[in-house]
Amino acid sequence: MDAVKRYFRSPAAVIGLILLLLVIAMAVSAGFLYPRDPLALAGRPLIWPFSNPRFLLGTDNSGRDIAAQIFYGARISLLIGGVATAIAILIGILVGAFAGYYGGWVDNVLMRITEAFQTLPNFVLLLVLVAVFGSTLTTVTIAVGVVSWPAPARLTRAEFLSLRNREFVQAGKTLGMKDVQLILGEILPNALPPVIVYASVVMAVAILLESALAFLRLSDPNVASWGNLIGLGRDVLRVQWYVSAIPGIAILVTVLAVSLVGQGLNDALNPRLKGR
Amino acid sequence: MSETVLSLDGLTVRLPGGADRPHALSDVSLSIASNEILCVVGESGSGKSMMANAIMRLLPNEVSIERGRTMFDGRDLCAAEPAEMRDVRGAGIAMIFQEPMTALNPLRTIGDQIGEMFSIHTKLSKTEIAARVQALLEDVRIPDPSAAAKAYPHELSGGQRQRAMIAMALALDPKLLIADEPTTALDVTTQAQILKLIRDLQQRKKTAVLFITHDFGVVAEIADRVVVMQHGAIAEQGAADKVLNDPQHAYTKQLIAAVPPLKAPLPRLLSGKHILTIDGVSKTYRTGGFLGRGARVTEAVKNVSLHLPRGATLGIVGESGSGKSTLARCIVRLIDPDTGSILLNGKDWAKLSRDDVRRETRHIQMVFQDPFASLNPRRKAAELVAQGPIVHGTDRAEAIAEARKLFELVGLDPSAGDRFPHEFSGGQRQRIGLARALALKPDVLVADEPVSALDVSVQAQVLKLLAGLRQQLGLSIIFITHDLRVAAQICDLVAVMKDGAVVEQGLTAEVFGNPQHPYTQALLAAIPGGDFTCKRDAAALAGE
């Protein structure tokens with residue numbers, strides 16, 4: 001409970017949380033505020049924002065309501081961010097925990113695989129995966145998760161390396177615990193805080209990766225996503241720049257919110273590191 | 001009368017809100033004259049290190065000097081500008097620390113780091129500096145000074161590093177030397193040498209020394225005058241003889257009484273049956289090398305054979321690197337010994353498979369050294385104690401109920417089971433560790449330095465508890481320690497280890513009363529304040 005108190009003492013962390021809650025509120029209220037399909041034609045194309053009360057944020061080049069797309073896009077971004085992060089962290093913890101706990105050849109094999117993933121620029125790898133497996137929402141999400149796990153794996157491994165020789169782990173061994181019990185029950189809870197904090201970075205990157213894919217028109221075109229909107233706006237960027245700018249701001253705000261929350265969590269979970 | 005070098009006048013240091021007390025130091029007044037050693041002694045948290053840092057103005061940001069003066073060289077250091085302080089530090093007041101490895105820069109040679117003192121504070125040329133460094137290293141009697149100047153910190157032993165630190169501190173002939181627990185991290189024989197060195201240098205250079213320690217043995221060895229601190233305030237101060245032999249304050253009396261006597265108590269009747277027999281156990285480490293060539297071989301444990309009679313306590317004593325902890329870990333199979341057998345209840349414990357060790361581990365349990373690192377910070381105390389039985393198949397609720405009973409046994413409040421380890425003091429945590437080991441109802445308890453991280457008064461309580469439990473539960477204990485005074489108090493038998501081998505073993509009273517091996521003799525002679533405790537114990541005996 002101390003951690004919660006410490007979290008709310010930091011203004012940046014509170015602002016981040018408010019922004020993140022706003023984005024979540026957008027995602028939740030999308031269906032209620034815009035009951036129609038956000039990808040359906042709604043009016044004249046390229047209406048400037050604030051010029052028509054029916055389309056508060058204007059319309060894009062095919063006459064679809066930008067506001068509706070932004071609200072529905074929040075769902076997609078949060079979904080991809082959340083699920084891809086969960087996949088990346090899960091793989092990362094598994095690989096890192098085994099490598100760090102057992103060391104020796106297990107560590108060698110797992111770390112060489114991790115390095116292979118890390119040497120490839122992850123966006124290139126993402127392009128390959130999407131090119132091979134197609135660009136539906138599911139494959140994009142899984143692909144983003146699969147390219148993001150090496151960093152959390154290294155972080156988990158480092159934590160395990162330092163924790164596995166601690167006396168409380170040895171004490172667990174002398175009590176007769178099995179390796180699985182030691183890894184899950186003793187070491188992992190102590191290794192988790194930095195990994196959780198790092199998850200916010202993974203989530204921010206995941207949202208950006210999906211947007212970048214969509215900008216190249218390689219993401220799922222059948223859903224309203226911010227990246228898709230930016231990609232569409234590319235054609236009219238010099239005159240109707242707002243088509244790309246509005247979803248750009250939405251991405252900026254979301255990534256900022258996630259980062260601020262992550263930083264706040266870091267300070268709250270590791271209070272001794274603050275002020276260094 | 002010699003002149004006063006440093007005087008503290010009502011020095012009060014405020015701690016940030018949320019600390020266990022409002023002031024780290026309250027109203028501390030004392031003075032040090034030239035050519036004297038003033039020992040500041042107190043338990044952990046008494047504010048003794050905070051005092052040294054306050055004098056040097058090296059306090060953490062959130063801690064500040066509230067009032068009082070620190071007069072040195074005719075000026076008040078509490079009011080000095082940062083630039084002035086930089087001139088004072090090193091040149092006027094020098095400091096040596098507890099752990100020389102962390103106080104030295106690992107990437108630069110010893111000679112380079114000592115020479116830095118001159119290049120910062122003087123205008124000497126490079127060759128002059130090199131000559132001065134050489135002279136200093138000879139002064140602190142480092143073996144082979146010219147090689148030591150070129151060595152990196154990790155290439156020297158702990159004692160040699162501390163000598164290098166002293167050379168650095170004395171480089172500019174400071175008026176005052178502050179030594180913050182300079183010998184705590186060292187072995188007894190090294191400690192004795194360093195104490196003698198500090199005394200010699202101090203007498204030759206007429207330096208004033210502020211010596212911070214927690215050990216009354218060290219105080220008896222080195223102090224001219226003593227200041228006893230408790231909770232950030234001075235409890236008692238006076239000449240060393242007077243404070244040691246005729247303490248006035250109750251806290252001083254308590255601290256002196258807690259210093260364990262070196263004499264072994266009357267031997268107890270030992271059982272003829274051996275519960276644990278260690279025969280020819282060896283463990284060798286090989287590091288580096290390629291295909292067996294050029295590897296560094298360390299023989300951590302060499303052909304050790306020991307017996308533990310049922311219900312007895314066997315002490316394994318030795319300095320750091322003697323292999324005693326490796327032996328302990330071999331006995332509980334945290335490390336697999338290379339050769340030899342460990343017979344426990346007739347089974348060869350050294351040859352059991354991993355799965356069998358897991359099953360049989362309830363017969364032999366271990367208590368660890370560091371009460372902070374040996375408890376999982378994310379589990380509640382009762383859960384920690386109940387873990388063992390749960391692993392071995394006891395129902396969870398039942399195990400927790402048992403754990404609460406064990407809390408009572410080790411002298412903790414049973415309702416404290418819902419608290420996390422960080423909410424307990426060091427001594428209480430060690431009791432939790434003990435309860436955890438006892439929860440499996442072991443026959444043999446292996447205790448690896450269980451009291452060396454604790455203050456003397458707490459140490460005495462934990463030892464008393466251990467002795468009581470031994471009687472009550474019929475435990476057989478292997479007790480590993482570097483502190484011969486602690487071993488004398490609790491062990492029926494002792495084995496002295498040096499470089500991985502046992503050099504002498506036997507009944508405690510015999511080994512300590514009439515040591516045969518030169519190494520045992522050297523260990524016993526090196527214990528600081530040996531004469532003082534002997535005198536005290538003789539006085540106590542006469543008083544009875």
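The values are calculated or read from the model by the stated rules, or taken from the named source; none is laboratory data. Bear in mind that the values here come from a model prediction, so they are computed numbers and not experimental data. Quick reminder, even Gly has a Cβ in these numbers, built from the backbone with ideal geometry, and neighbours come from all protein chains shown.
Restricting B:I55, B:I65, B:I93 to residues that are within 16 Å of B:A19 (Cβ to Cβ), surrounded by 14 or more Cβ atoms within 10 Å (Cβ to Cβ) and among the β-branched types (V, I, T) narrows the list to B:I65. Note on the stretch B:402-411: among residues that are closer than 27 Å to B:D20 by Cα and surrounded by 20 or more Cβ atoms within 10 Å (Cβ to Cβ), the one that is nearest to the other protein chains (Cβ to nearest Cβ) is B:V410.
Considering the stretch B:420-442, and only residues there that are within 14 Å of chain A (Cβ to nearest Cβ) and charged (D, E, K, R), the residue that is nearest to the chain's Cα centre (by Cα) turns out to be B:R429. As a summary of the residue check, B:I342 satisfies the conditions (1) more than 12 Å from chain A (Cβ to nearest Cβ); (2) farther than 28 Å from B:S305 by Cα; (3) crowded, with 22+ Cβ neighbours inside 10 Å except for the one numbered (2). Summed over the stretch B:424-463, residues that are under 15 Å from B:G474 (Cα atoms) and either among the β-branched types (V, I, T) or touching a Cys at 6+ places or on another chain (Cβ under 7 Å) (or both) total 2.
Residue by residue through the stretch B:114-132, note down the ones that are crowded, with 20+ Cβ neighbours inside 10 Å and touching a residue at least 24 places away in the same chain (Cβ under 8 Å). Within the stretch B:114-132, B:I114, B:M117, B:F118 qualify. Can you name the residue in the stretch A:182-205 that is closer than 30 Å to B:V357 by Cα and in contact with a helix residue (DSSP H, G or I) (Cβ under 7 Å, 6 or more places away or on another chain) and, of all such residues, is farthest from the other protein chains (Cβ to nearest Cβ)? The selected residue is A:I183.
The stretch B:36-126 holds strands (runs of 3 or more DSSP E) entirely within its bounds, and those carrying 2 or more residues that are within 14 Å of B:A169 (Cα to Cα) and either touching a His at 6+ places or on another chain (Cβ under 6 Å) or not small (G, A, S) (or both) map to B:93-96. Taken residue by residue, the stretch A:27-40 has at least one member that is in contact with a Leu (Cβ under 7 Å, 6 or more places away or on another chain) and over 30 Å from A:E159 (Cβ atoms). Kindly evaluate B:R431 against the criterion of being in contact (Cβ under 8 Å) with a residue 12 or more places away in the chain, within 23 Å of B:A488 (Cα to Cα), crowded, with 21+ Cβ neighbours inside 10 Å and of a type in the set (K, R). In short, yes. Candidates in the stretch B:377-388 are the residues that are buried (at least 24 other Cβ atoms within 10 Å of the Cβ) and at the interface with chain A (Cβ under 7 Å from one of its Cβ atoms); of these, the one that is nearest to B:L445 (Cα to Cα) is B:G388. None of B:Y251, B:Y285 is touching a residue at least 12 places away in the same chain (Cβ under 8 Å), assigned to a strand (DSSP E or B) and not charged (D, E, K, R) except B:Y285. Tell me which residues, restricted to the stretch A:27-66, are free of Cβ contacts under 8 Å to residues at least 60 places away in the same chain, assigned to a helix (DSSP H, G or I) and crowded, with 20+ Cβ neighbours inside 10 Å. Scanning the stretch A:27-66 gives a single hit, A:A30.
Here is a check on your reading of the model: is B:L352 within 14 Å of chain A (Cβ to nearest Cβ), over 21 Å from B:I477 (Cα atoms) and at pLDDT 90 or above? No: the conditions fail for B:L352. Would the stretch B:487-496 turn up any residue that is crowded, with 18+ Cβ neighbours inside 10 Å, small (G, A, S) and out of contact with any strand residue (DSSP E or B) (no Cβ under 6 Å at 6 or more places or on another chain)? Yes.
Listed by position, the helices (runs of 4 or more DSSP H) enclosed by the stretch A:98-170 that each have at least 3 residues that are within 27 Å of A:V197 (Cβ to Cβ) and within 14 Å of chain B (Cβ to nearest Cβ) are A:150-163.
For first residues located in the stretch B:1-21 and surrounded by fewer than 14 Cβ atoms within 10 Å (Cβ to Cβ), partners that are at pLDDT below 90 and in a loop (DSSP other than H, G, I, E, B) and lie 6+ apart or on another chain with Cβ distances below 7 Å form the pairs B:S2/B:S34; B:S2/B:N35; B:E3/B:S34; B:P16/B:E62; B:P16/B:V63; B:R21/B:L15; B:R21/B:H231; B:R21/B:G232. Residues in the stretch B:412-425 that are of a type outside the set (A, V, I, L, M, F, W, C) and surrounded by 17 or more Cβ atoms within 10 Å (Cβ to Cβ): B:G417, B:P421. For the stretch B:303-320, the set of residues classified as in contact with a Gly (Cβ under 9 Å, 6 or more places away or on another chain) and surrounded by fewer than 24 Cβ atoms within 10 Å (Cβ to Cβ) consists of B:N303, B:S305, B:P309, B:R310, B:G311, B:S320, listed by residue number. Whether any residue in the stretch B:172-191 is touching a residue at least 12 places away in the same chain (Cβ under 8 Å), part of a helix (DSSP H, G or I) and either over 30 Å from B:G42 (Cβ atoms) or in contact with a Gly (Cβ under 7 Å, 6 or more places away or on another chain) (or both) is what I want to check. Yes, the stretch B:172-191 contains a residue that is touching a residue at least 12 places away in the same chain (Cβ under 8 Å), part of a helix (DSSP H, G or I) and either over 30 Å from B:G42 (Cβ atoms) or in contact with a Gly (Cβ under 7 Å, 6 or more places away or on another chain) (or both).
Scanning the stretch B:355-374 for residues that are touching a Phe, Trp or Tyr at 6+ places or on another chain (Cβ under 9 Å), touching a residue at least 60 places away in the same chain (Cβ under 8 Å) and within 19 Å of A:N165 (Cβ to Cβ), which turns out nearest to the other protein chains (Cβ to nearest Cβ)? Filtering the stretch B:355-374 for residues that are touching a Phe, Trp or Tyr at 6+ places or on another chain (Cβ under 9 Å), touching a residue at least 60 places away in the same chain (Cβ under 8 Å) and within 19 Å of A:N165 (Cβ to Cβ), the one nearest to the other protein chains (Cβ to nearest Cβ) comes out as B:F368. None of B:A179, B:A151, B:A233, B:A208 is under 30 Å from B:R21 (Cβ atoms) and surrounded by fewer than 19 Cβ atoms within 10 Å (Cβ to Cβ) except B:A233.
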